[in-house]
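S.K.: For reference, the structure I am asking about is given below.
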Amino acid sequence: MFAVIKTGGKQYSVAAEDTITVMTLEGEPGDKVTFDKVLMLAGDGEPSFGAPFVEGARVAGEIVRQTRGPKAISFKKRRRQNSKRKRGHRQDLTLVKITEVLVG
């Protein structure tokens, strides 16, 4: 059985024992998290779609670690004006291991 969940403004297709990288969630490694915004459930039989979310469905997971993404460099240069700007950014991320998909 797998589900499509929504968190951090993005959608993720998950199944039990998957590890996903999502936008920062509050908590320490080992903490339990629950995703209530389930958009679709599929597995045995017909898939069920939510409007917008599936009633009574949720996905449970456990925070593995808090991490950061790769560095993105933003460099702007204006020619012949001796003007330039360089900035770096690393997005804060959370690794989550999906433990189970709960229905009903």
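S.K.: Longest exposed-loop-site-free stretch of the chain, with trypsin sites (Lys or Arg not before Pro), DSSP loop and at most 10 other Cβ within 10 Å? Before the final figure, lay out each step's value.
M.R.: Details: sites that count: Lys71, Arg79, Arg80.
Within the chain, the longest run free of exposed trypsin sites (Lys or Arg not before Pro) spans 1-70.
S.K.: Now, a different point. Once amide H atoms are placed 1.01 Å from N in the peptide plane, what residues at a sequence separation of 5 or more from Ala57, or on another chain, have their amide H within under 5 Å of its amide H?
M.R.: Those qualifying (amide H under 5 Å, at least 5 residues apart or on another chain) are Gly104.
S.K.: Now a separate question. Using alpha-carbon pairs under 8 Å, 6+ residues apart, how would you state the relative contact order of the chain in percent? Write down the numbers at each step before the final one.
M.R.: Values: 240 pairs, mean separation 34.6, N = 104.
Here the relative contact order equals 33 percent.
S.K.: Taking amide H atoms as placed 1.01 Å from N in the peptide plane, list the residues 5 or more away in sequence, or in a different chain, whose amide H sits under 5 Å from that of Asp18.
M.R.: Those lying under 5 Å, H to H, from Asp18 are Ile98.
S.K.: Follow-up. Below 26 Å Cα-Cα, how many Lys pairs turn up in the chain? Only count pairs eight or more apart in sequence, or on different chains, if you could.
M.R.: So the count works out to 16.
S.K.: Tell me the Kirkwood hydrodynamic radius of the chain in angstroms, computed as one over the mean inverse distance between distinct C-alpha pairs. Kindly include the intermediate steps, with their values, before the conclusion.
M.R.: Working: mean 1/r = 0.0637 Å⁻¹.
With all distinct Cα pairs of the chain included, I get 15.7 Å.
Since every read-out is calculated from the coordinates, none of them should be taken as a lab result. Because the structure is predicted, anything quoted here is derived from the model rather than measured. Neighbour counts run over all protein chains shown; Cβ positions are idealised from the backbone, glycine included.
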